[in-house]
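Notes for the one structure printed next.
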Amino acid sequence: MFERLHPDGPPVSAAEALTSARLAERASDERPYLFMNFVSTLDGRAALDGSTRPLGGPADLEMLLELRTVAGAVLIGTGTVRAEGYARLIGDSRRRERRVAAGLSQDPPAILISRRYDIPWEAGLFAAPDQPVIVYTRADAPEAPSVRAPVEVVRLEECSPQAALADLRARGVRALLSEGGPTLFRGMLAAGMVDELFLTLTPLLTGDPAETAILSGARLPAPARMRLQWVLRSEQELFLRYAINE
């Protein structure tokens with residue numbers, strides 16, 4: 001259970017909090033409602049030794065899995081897939097049953113967008129036989145290699161996040177979770193396509209300037225203005241939800 005700090009209220013589970021958020025109902029006709037999820041140390045690092053795994057505790061994992069449970073699909077940067085490996089996104093059959101009861105597919109497809117077709121086919125994501133993957137890429141991309149995961153390659157004349165998200169919306173995806181990474185977040189934010197940010201603050205300091213922050217790349221054309229939606233707490237971790245560019 002998570003303690004509600006803002007707005008105040010009785011303790012709430014991650015599932016209850018996200019159900020009440022009604023993220024899918026916020027989708028437009030043009031694209032899914034896009035919400036990013038990150039974990040960060042108190043000194044602003046989004047990884048330790050190249051991975052997010054050492055940063056978050058059990059509550060952070062619970063929030064991530066519930067975000068996956070309510071999402072129609074999960075957008076992941078190719079660099080993040082390469083660094084984290086991944087596997088089946090929802091391993092718990094009870095979460096899959098809840099998705100079906102909510103009118104969603106049993107497993108949310110993992111979404112990768114890569115103009116260069118620089119796909120880490122060796123990653124664990126592609127070794128999961130029950131994990132659907134959709135890859136958006138350029139029109140002349142070659143066939144995908146043989147992997148265990150069911151992969152659909154969508155070739156676009158103009159491979160852009162806008163075109164990919166429009167196709168996802170046409171497929172019926174209303175709520176799109178993105179797990180980063182920082183380069184993807186920066187690009188989507190600059191394009192005005194990110195609607196919310198879920199950020200876990202974990203009580204760690206690393207002092208490592210080589211590790212990335214939640215954003216990576218050139219300075220944004222203009223600072224992204226954000227509005228605080230909630231603050232939850234579990235033990236020593238804080239869970240922040242922001243609306244972006246409202």
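The values are calculated or read from the model by the stated rules, or taken from the named source; none is laboratory data. Here the structure is a predicted model, which is why all the values come from computation and not from measurement. Note that each Cβ is placed from the backbone with ideal geometry, even for glycine, and that neighbours are counted across all protein chains shown. Heads up: the accessible areas ignore ligands, DNA and RNA and are worked out on the full protein's heavy atoms, side chains in. Shrake-Rupley method; radii C 1.70, N 1.55, O 1.52, S 1.80 Å.
For region 166-246, report the convex hull volume of the alpha-carbon atoms normalised per residue, in Å³, without decimals.
In region 166-246, the Cα convex hull volume per residue is 125 Å³.
Translational D (Stokes-Einstein, µm²/s) of region 8-55 at 4 °C and 1.567 mPa s when Rh comes from the Kirkwood sum over C-alpha pairs? Walk me through the intermediate numbers first.
Numbers: Rh = 13.8 Å.
The diffusion coefficient I find is 94 µm²/s.
Across region 69-157, what fraction of all alpha-carbon pairs, as a whole percent, falls in each successive 10 Å bin from zero upward?
So the P(r) values, bin by bin, are 18, 49, 27, 6, 0.
Dividing the convex hull volume of the Cα atoms of region 2-121 by its residue count, what figure in Å³ per residue is obtained? Don't skip to the answer; put the middle values down first.
Working: hull volume 18.1 nm³, N = 120.
Roughly 151 Å³ of hull volume per residue.
Taking K and R as +1 and D and E as -1, what net charge do the other residues with C-beta under 10 Å from the C-beta of S234 add up to? Let's see the in-between values first.
On the way: positive: R233; negative: E3, D60, E62, E235, E237.
In short, -4.
Arrange the peptides 46-56, 177-187, 222-232 so that the one whose residues have, on average, the most other Cβ atoms within 10 Å appears first.
Details: 46-56: 17.3, 177-187: 22.6, 222-232: 13.8.
Descending mean neighbour count gives 177-187, 46-56, 222-232.
For region 62-143, what is the relative contact order in percent, using Cα pairs closer than 8 Å and at least 6 residues apart in sequence? Kindly include the intermediate steps, with their values, before the conclusion.
Values: 112 pairs, mean separation 28.2, N = 82.
Over region 62-143, the number comes to 34 percent.
Quick one: ranking R138, R219, R82 by accessible area, 1.4 Å probe, largest first, what do you get? Could you put the intermediate results ahead of the total?
Numbers: R138 85, R219 210, R82 110 Å².
Largest to smallest exposure gives the sequence R219, R82, R138.
In whole Å, what are the extents of the chain along the principal axes defined by its C-alpha atoms, from largest to smallest?
So the three principal-axis extents are 51, 44, 33 Å.
Obtain the nm distance between the two label points defined at T183 and Q236 by a simple spin-label model: each point lies 7 Å from its Cα along the Cα-to-C-beta direction.
Calculated label separation equals 3.3 nm.
Under the Karplus relation 6.51 cos²θ - 1.76 cosθ + 1.60, θ = phi - 60°, what is the ordered set of whole-Hz ³J(HN,Hα) values for region 77-85, x standing for Gly and Pro?
Those phi angles translate into x, 5, x, 5, 4, 5, 6, 9, x Hz.
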